[in-house]
1. Projecting each Cα onto the charge dipole of segment 240-284 (Lys/Arg +1, Asp/Glu -1 at the beta carbon, about the Cα centre), which of 275, 264, 247 comes out farthest on the positive side?
2. Please check which bits of segment 149-170 a label hung off residue 94 would reach, taking the label as a point 7 Å along Cα-to-C-beta and the cut-off as backbone N under 13 Å.
3. Out of 175, 188, 155, whose Cα points farthest toward the positive end of the dipole of segment 155-200 (charges: +1 Lys, Arg; -1 Asp, Glu; placed on Cβ)?
4. What's the ranking of 127-137, 221-231 by average number of surrounding C-beta atoms within 10 Å, highest first?
5. Compute the length gained on full extension between residue 81 and residue 252: take 0.36 nm times their separation in residues and subtract their Cα-Cα distance, giving the result in nm to one decimal.
6. Pairs of alpha-carbon atoms within less than 8 angstrom and 6+ residues apart define the contacts here; what relative contact order does segment 105-250 have, in percent?
7. Quick one, can you get me the convex hull of the C-alpha atoms of segment 70-188 expressed as volume per residue in Å³?
8. How large are Rg and Dmax for segment 64-115 when calculated on the C-alpha trace, in angstrom?
Amino acid sequence: MTKGKKFKQRVRARMDRNAEAYRTAHRHEDTFGKPPEAPLEDTSGNPPQAPLEGIVIKSPQTPFERNRQMFREKCLPTWKALTESLSGGHDVMSWQTIPEMVSVLTRIGREAPLNHVLHPDGGGLDLSGAVLSHEDGCIELDFEGTAYVVRPKSLRLVMPNQDPRREWAYFVLETGGLAPSGTYPQPPTIPLESVVELSAGRYVRSEAWDEGVYGEDADGNPLRLPSNARQLLRHFGGPFLIVAKASTYNALDRYSGDHSKVSPTAFDNLVQEMVHKLHAHGRYGKPHWTWG
């Protein structure tokens, strides 16, 4: 079977599984497991605008739109239950210690598997959980089998006002301070590096995974990867935004890391403004969006 045919099968399977349009499923599958490209620098000095203009709501008439509505009905109650349980009745809840953050991230993956994590430099994946890393002060984020090593700084849960469905509730995992491992002679031009882990904290270049060897011994014999070798992505820093997969924000996000281009306060205000505008236009809770 050709590589292209396998890819199309994955896209079709994702469409059936998540009630996504072909273009959305194609975008997610094309991003999976690949380091995202470096984002274009925003030199305008202006914060991202709430993407509401030019969007219209259609009645759920087509099979896809009905499936999308069913997907929201499956996803959003679980997200509401989780976020309200973790918020303790507060508008903002934060966790500062690594064990606390690992516990909350694990709960997200276990209790709300229909989540989506938007990365600081673009792209996104679904979170399955988190564990402590072998690297000091770091954790591993499990994105459906793809492991990201990050150095966490804080984890926040924000519960916007006028959002009884909790569709707009979100988490922000702030990370930073992780340096390149030295595996490559030149530092990466993007804020992450792909490596193969031979043992705890011992890394070699990513191409070793495809070749099955990572060098030669003193006699010139190939050094084969051990059976416990695995691929890792080490991300150097930035905010990871965690939202409900069926949320309107996730449907409108451009996969360009907009949440990382403004301060946390500015982003909180931006989301709250979007919720207010939805109420003002009678659109709050409407699941079917298209670009008009």
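1. The residue sitting farthest along the positive end of the dipole is 247.
2. Flagged as within label range: 153-158.
3. Looking along the dipole axis, the top candidate is 155.
4. On the way: 127-137: 16.5, 221-231: 12.2.
By packing density, highest mean first, the sequence is 127-137, 221-231.
5. Values: separation 171, 0.36 × 171 = 61.56 nm, distance 2.32 nm.
Here the segment from residue 81 to residue 252 would lengthen by 59.2 nm.
6. On the way: 303 pairs, mean separation 40.4, N = 146.
28 percent.
7. On the way: hull volume 14.0 nm³, N = 119.
Enclosed volume per residue, from the Cα hull, is 118 Å³.
8. Taking only Cα atoms of segment 64-115, I get Rg and Dmax of 13.4, 42 Å.
The values are calculated or read from the model by the stated rules, or taken from the named source; none is laboratory data. Since this is a predicted model, take the numbers as computed values, not measurements. Positions of Cβ are backbone-derived with ideal geometry, glycine not excepted, and every protein chain shown enters the neighbour counts. Just the protein is used for accessible areas: all its heavy atoms, side chains included, with ligands, DNA and RNA removed. Shrake-Rupley method; radii C 1.70, N 1.55, O 1.52, S 1.80 Å.
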